[in-house]
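Have a look at the structure below, then the notes.
The values are calculated or read from the model by the stated rules, or taken from the named source; none is laboratory data. Being a predicted model, the structure only gives us computed values, none of them experimental. Cβ sites come from the backbone with ideal geometry, for glycine too, and all protein chains shown count toward neighbours.
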Amino acid sequence: METETLEGILAEHPFAKGLKDDYVQLMMGCASNVRFEAGQFIFHGGEDANQFYLIRDGKVSLEVFAAQRGPLTILTLEGGDVLGWSWLFPPYRWKFDARALERTRALGLDATCLRTKCEADHDLGYELLKRFVLVVEQRLQAARFQLLNVYS
Amino acid sequence: MTHPMVPRLWWITRRRRETHDTFTVELKPSNGSSEFRFAPGQFNMLYIWGAGEVAISISGDPNAPGSLIHTIRSVGAVTRLMQKLKSGDEVGVRGPFGSCWPIEQAVSGDVIFVAGGVGLAPLRPAIYHVLAQRKRYQRVVLLYGTRAPADILYARELERWRARFDAQVRVTVDHAAGGWMGSVGVVTHLIARARFDPARTTAMICGPEVMMRFTAMELEKRGVPAKNMHISMERNMKCALGLCGHCQYGPSFICKDGPVFSYERLKPLLAIREV
């Protein structure tokens, strides 16, 4: 039976594609395998953003709870996606809730550990920031597109 | 042969509600002739006596020409009246008109359909054709996005297509409240998740113009050549013959040169507001 290594999983994730081996090693030191069952909350809005996640498979709903309307889904994320960027900016707290819609496997990256490494190695920090900015840009474009309500 | 400006009489034999504002009608010719041949992507002019005429894409199966099927969204004066029609009522039909989806050009390669909202209706004949002749194509991908779960068009058919082992079918909605377990996000997000060989892919895109532009940009990012992408345009069509000029789009008439165009041809025009 072939065993997947943490390093292999991290290197193959689209977020880390093309990342230098040294940086993969540095990130790996902050990474762990995590699994969430269907219906399980990964985090709640307002909690400390101590981790972010590189989703391997499954489906996660990013949502906000509105009184009298219940949970409203903003976005669903799947294998290959990144969950969470609130760990990057003070006050390091989640803005929304994240809930697994089905069994989900991910790599969890310890935020404090990674921030410390980014502060110590600005090249690593810049590399990661470029990748996060791309994620933010894609989500911003999508949010604008959603606001246009093009199907109305 | 009937003059193309003269509508022929057809009877509504079946009417089905699709969503709160969209419905499908099945028509039979009143003169008893049995076949209506069309190519996927073409449209008809449907006439309600005393109200007016509108261009509506044909959304039925091109390999089952025994009946004519149109899916219509109730958005204007004529289509609102059409929504009230029932079995046995009569409409005028002119057509079929216009260009078609490049289903033959796509043979031997991957095919990706990207539909937004009611834009799934003009693509459905091409989807029927490709799935009916599945062995002639490599990977088949259908990505569909719409506003909310209640707006999903042809939901049962999408479920059937998704259950096939030889097609990737993904559906997403822009907004969803609790209870929806499917994907939420814009349709362009699905492109990154689909498996296809960009260099050997033919893309057929139909939906609101903004959605088609963003979709084409995303497909280009994946490496699909502009010449392999095709979009279906919509403008106010009157004569459907390229005579009246109502649907002029730059140097083209949507009714005669379109509605299906190569994205490569329209790309320079799509960004110009004045066109």
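Just name the residue that is surrounded by the fewest Cβ atoms within 10 Å (Cβ to Cβ) out of those in segment B:206-228 that are closer than 17 Å to B:Asp110 by Cα and of a type in the set (Asp, Glu). Filtering first and then ranking leaves B:Glu220. Considering only residues in segment A:63-113 that are among the aliphatic types (A, V, I, L, M) and touching a helix residue (DSSP H, G or I) at 6+ places or on another chain (Cβ under 8 Å), the one that is surrounded by the most Cβ atoms within 10 Å (Cβ to Cβ) turns out to be A:Leu109. Kindly evaluate A:Gln51 against the criterion of being away from chain B (no Cβ under 14 Å), in contact (Cβ under 8 Å) with a residue 24 or more places away in the chain, over 29 Å from A:Lys117 (Cα atoms) and of a type in the set (S, T, N, Q). In short, no.
Name the residues in segment A:5-26 that are farther than 15 Å from A:Gly125 by Cα and touching a residue at least 24 places away in the same chain (Cβ under 8 Å), would you? Result: A:Leu6, A:Ile9, A:Leu10, A:His13, A:Pro14. It is to be established whether one or more residues within segment B:125-141 are under 14 Å from the mean Cα position of the chain (by Cα), touching a residue at least 60 places away in the same chain (Cβ under 8 Å) and on the phi > 0 side of the Ramachandran plot. No, every residue in segment B:125-141 fails to be under 14 Å from the mean Cα position of the chain (by Cα), touching a residue at least 60 places away in the same chain (Cβ under 8 Å) and on the phi > 0 side of the Ramachandran plot. Scanning segment A:27-41 for residues that are in contact (Cβ under 8 Å) with a residue 60 or more places away in the chain and more than 23 Å from A:Lys117 (Cβ to Cβ) yields A:Arg35, A:Phe36, A:Glu37, A:Ala38, A:Gly39, A:Gln40. A Cβ distance below 7 Å, combined with a sequence gap of six or more or placement on separate chains, defines the contacts here; from segment A:139-152, residues that are at the interface with chain B (Cβ under 7 Å from one of its Cβ atoms) reach residues that are in a helix (DSSP H, G or I) in the pairs A:Ala142/B:His189; A:Phe145/B:Phe214; A:Leu148/B:Val210; A:Val150/B:Val210; A:Val150/B:Met211; A:Tyr151/B:Gly117; A:Tyr151/B:Asp151.
Looking only at segment B:192-209, count every residue that is without any contact (Cβ under 8 Å) to a residue 40 or more places away in the chain and touching a strand residue (DSSP E or B) at 6+ places or on another chain (Cβ under 9 Å) and tell me the total. So the answer is 2.
Apart from one condition, A:Thr73 fits all of (1) within 14 Å of chain B (Cβ to nearest Cβ); (2) touching a residue at least 24 places away in the same chain (Cβ under 8 Å); (3) in a strand (DSSP E or B); the exception is (2).
Taking segment A:62-84 as the range and being over 16 Å from the mean Cα position of the chain (by Cα) and under 22 Å from A:Ala49 (Cβ atoms) as the test, the residues that pass are A:Val64, A:Phe65, A:Ala66, A:Pro71, A:Leu72, A:Thr73.
Across segment B:101-125, the qualifying residues are those that are surrounded by fewer than 22 Cβ atoms within 10 Å (Cβ to Cβ) and not charged (D, E, K, R), and the one among them that is farthest from B:Asp21 (Cα to Cα) is B:Ser108. Tell me which residues, restricted to segment A:76-108, are β-branched (Val, Ile, Thr), farther than 16 Å from A:Val136 by Cβ and away from every other protein chain (no Cβ under 11 Å). Hit for segment A:76-108 is A:Thr104, nothing else. Among the residues making up segment B:189-224, those that are more than 19 Å from the chain's Cα centre (by Cα) and within 9 Å of chain A (Cβ to nearest Cβ) are B:His189, B:Ala192, B:Arg193. Every test in (1) out of contact with any His (no Cβ under 8 Å at 6 or more places or on another chain); (2) in a strand (DSSP E or B); (3) not hydrophobic (A, V, I, L, M, F, W, C) is passed by B:Gly66 save one, and that test is (2). Only a single criterion out of (1) surrounded by fewer than 22 Cβ atoms within 10 Å (Cβ to Cβ); (2) of a type in the set (A, V, I, L, M); (3) more than 21 Å from B:Gly258 (Cβ to Cβ) is not satisfied by B:Met82, namely (1). Quick check, is B:Arg265 over 16 Å from the mean Cα position of the chain (by Cα), at pLDDT 90 or above and surrounded by fewer than 19 Cβ atoms within 10 Å (Cβ to Cβ)? Judged against the criteria, B:Arg265 is a match.
From the residues in segment B:149-188 that are within 22 Å of the chain's Cα centre (by Cα) and assigned to a strand (DSSP E or B), which one is farthest from the other protein chains (Cβ to nearest Cβ)? Here the residue is B:Val169.
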